[in-house]
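> Encoded as structure tokens, here's the structure I'll be asking about.
Each reported figure results from applying straightforward, stated rules to the coordinates on display, with no laboratory input. Everything quoted here is computed from the prediction, not taken from an experiment. FYI the Cβ positions are ideal-geometry reconstructions off the backbone, even for glycines, and counts take in every protein chain you see.
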């Protein structure tokens, strides 16, 4: 077994083997479209904000675009890892990354709405 | 690693944050995955609100500039709070499923609904005031 020692794979022996069915596929696709949407939305907000806010909008926008692309690629890796029957570890890291990226984009848009 | 005692079943669990994974039992993975998709639905709600705010910011609509900026600001503020609610709801739900507690409610959904209704009302009113 090359699975990570921790996490959701440590099912106790008294339970049936886990079969999430298509839930993993559904979730990976949900991550994929959210990652792509973050990328596009960050670029759109950044483009609008840069006229009013100036160069200060560029760095948070690039960070958010990077986070969106990261999420999209992570979801693709996740799907191929499921096909190899080696599920990756789910925890709060990716949700925290996405939340942080959207807080940045929201702040850019808030400043832009105030100063424009 | 807050509880690294001998027979602690959470000792080898490296998942983050510990406030979520540090106690309780593994829920059915389908439930954890559903919780993730709920998180992502909140995130896409945030994105929609941000897109609306940026559009109002960018377009030159036939309405007072101050009103347009106010609506854009309101949408962006609700977007910020929706992003934070996405995280908070995910963490609280995951913890509740691990400990067997009732799932937390999300009263912030009502704030989003009210804000969107207020924005729609504002846009309708400005359109009506302009027409002869």
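> Mind telling me which of the residues B:75, B:80, B:70 ends up being crowded, with 24+ Cβ neighbours inside 10 Å, assigned to a helix (DSSP H, G or I) and facing chain A (nearest Cβ under 9 Å)?
None of the others qualify; the one that does is B:75.
> How many residues are closer than 26 Å to residue A:48 by Cα and either surrounded by fewer than 16 Cβ atoms within 10 Å (Cβ to Cβ) or within 8 Å of chain A (Cβ to nearest Cβ) (or both) if we restrict to the range B:83-110?
Number of matching residues: 3.
> Looking only at residues in the range A:72-103 that are under 23 Å from residue A:50 (Cβ atoms) and crowded, with 20+ Cβ neighbours inside 10 Å, which one is farthest from the other protein chains (Cβ to nearest Cβ)?
A:101
> Any residue at all in the range B:59-66 that is touching a helix residue (DSSP H, G or I) at 6+ places or on another chain (Cβ under 6 Å), in a helix (DSSP H, G or I) and within 11 Å of another protein chain (Cβ to nearest Cβ)?
no
> Only one residue in B:55, B:101 is free of Cβ contacts under 8 Å to residues at least 40 places away in the same chain and outside any helix (DSSP H, G or I), so which one is that?
None of the others qualify; the one that does is B:101.
> Look at the range A:58-71 and say how many of its residues are surrounded by 19 or more Cβ atoms within 10 Å (Cβ to Cβ) and closer than 10 Å to residue A:104 by Cβ.
Adding up the residues that qualify gives 4.
> Considering each residue of the range B:13-51, count those that are within 18 Å of residue A:89 (Cβ to Cβ), assigned to a helix (DSSP H, G or I) and out of contact with any helix residue (DSSP H, G or I) (no Cβ under 6 Å at 6 or more places or on another chain), and give that number.
So the answer is 6.
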